[in-house]
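Below is one structure, written out as structure tokens; the observations come after it.
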Amino acid sequence: MAVVMITGAAGALGRAVAERFAAGGAQLVLLDRDEASLAALFPRAALCLAADITDAASVGAAVDRAVAQCGRIDVLVHVAGGFEMGEPVHGLSRASWDRMMNLNAWSFVALAQGVVAQMRRQRSGTVIAVSAAAAAQGQALKGAYIASKSALQRLVESLASEVAADGIRVLSVAPTTLDTPANRAAMPDADRSAWVDTARAADTIAYLASDAAGAVNAVHLRLGT
């Protein structure tokens, strides 16, 4: 039975990913900001943990608990992150820059510090990060967000080359707009025909984590049109 760690598990995509892996029989180690909310959503999860994904010590403690209870971590799906827009590059505040970089780029590094060490001991594992299709090019008023997601994708590529010899695969998915309640509320008049259903995104992530995708490594898979 695979042990799957998922960050941002209380969010719309995180819940869909957790439900998809649970349906496949995985042991779930779920991370988010509120342990009680996670436990209520997923009472059968192996572990529900509150963690600050931008803090290496907090993430490291979660990894240690997961390994102590489950013995291994076969898959990490890093869903958690953040989005902000509104400031132009020439008016970008350091606080906004740091917030986006910490949530979307440094968090991947913090997770890798503990998870990769365990996967190296196992000589196997898969790491999947959720990036964004927007990372492909700059857009007005999204400078810090896009820069942070672009940084995430370069970190995915770098880590993939560093750990391939250890039997570890590292990939990312890059959705366009996810069809979530929050996005529907924020964009009530938008054409949702091209939006990405969270269940379908979760199916793709589960496939990338499976043995069937064992030859796939160091790729960024765009989801949506």
Open item on the list: Once you place label points 7 Å from the Cα toward the Cβ at Asn217 and Ser161, how far apart are they in nm?
Closed with: 1.3 nm
Open item on the list: To test your reading of the geometry: what angle, between 0 and 90 degrees and rounded to tens, separates the Cα axis of helix 198-209 from the longest principal axis of the chain?
Closed with: 50 degrees
- [ ] Report, in whole Å, the centroid distance computed from the Cα atoms of region 138-199 and region 40-80.
- [x] 21 Å
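If you rank Lys149, Lys142 by fewest surrounding Cβ atoms within 10 Å, what's the result?
Lys142, Lys149
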TODO: Starting from the Cα of Ala186, step 7 Å along the direction of its Cβ; do the same at Gln69; then give the gap between the two resulting points in nm.
DONE: 3.1 nm
- [ ] Starting from the amide H of Val170, placed 1.01 Å from N in the peptide plane, find each other amide H under 5 Å away whose residue is 5 or more places distant or on another chain.
- [x] Val127, Ala218
- [ ] With only alpha-carbon atoms counted, please give the Rg and Dmax of the chain, in Å.
- [x] 16.7, 51
TODO: Assuming R0 = 41 Å, can you tell me the calculated FRET efficiency for the pair Ala22 and Arg121, based on Cβ-Cβ distance, to the nearest 0.05?
DONE: 0.95
- [ ] Arrange the following residues from fewest to most other Cβ atoms within 10 Å of their Cβ: Thr225, Thr176.
- [x] Thr225, Thr176
Open item on the list: For a quick check, take a GNM of the chain with Cα springs below 10 Å and name the residue from Ala213, Ala46, Ala105 with the largest mean-square fluctuation.
Closed with: Ala213
Open item on the list: For the chain, set up a GNM with springs between Cα atoms under 10 Å and report which of Asp98, Asp191, Asp55 has the largest fluctuation.
Closed with: Asp191
Open item on the list: Cut-off 10 angstrom, C-alpha nodes, Gaussian network model of the chain. Which of Ser37, Ser172, Ser148 fluctuates the most?
Closed with: Ser37
Task: Spin-label pair Glu84/Ala40, simplified geometry with 7 Å Cα→Cβ offset, distance in nm - done: 2.8 nm
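Readers should treat all values here as calculations from the given coordinates under stated rules, not as data from a laboratory. Remember, predicted model here, so these are calculated numbers, not experimental data. Counting neighbours? That spans all protein chains shown, and the Cβs are built from the backbone with ideal geometry, glycine included.
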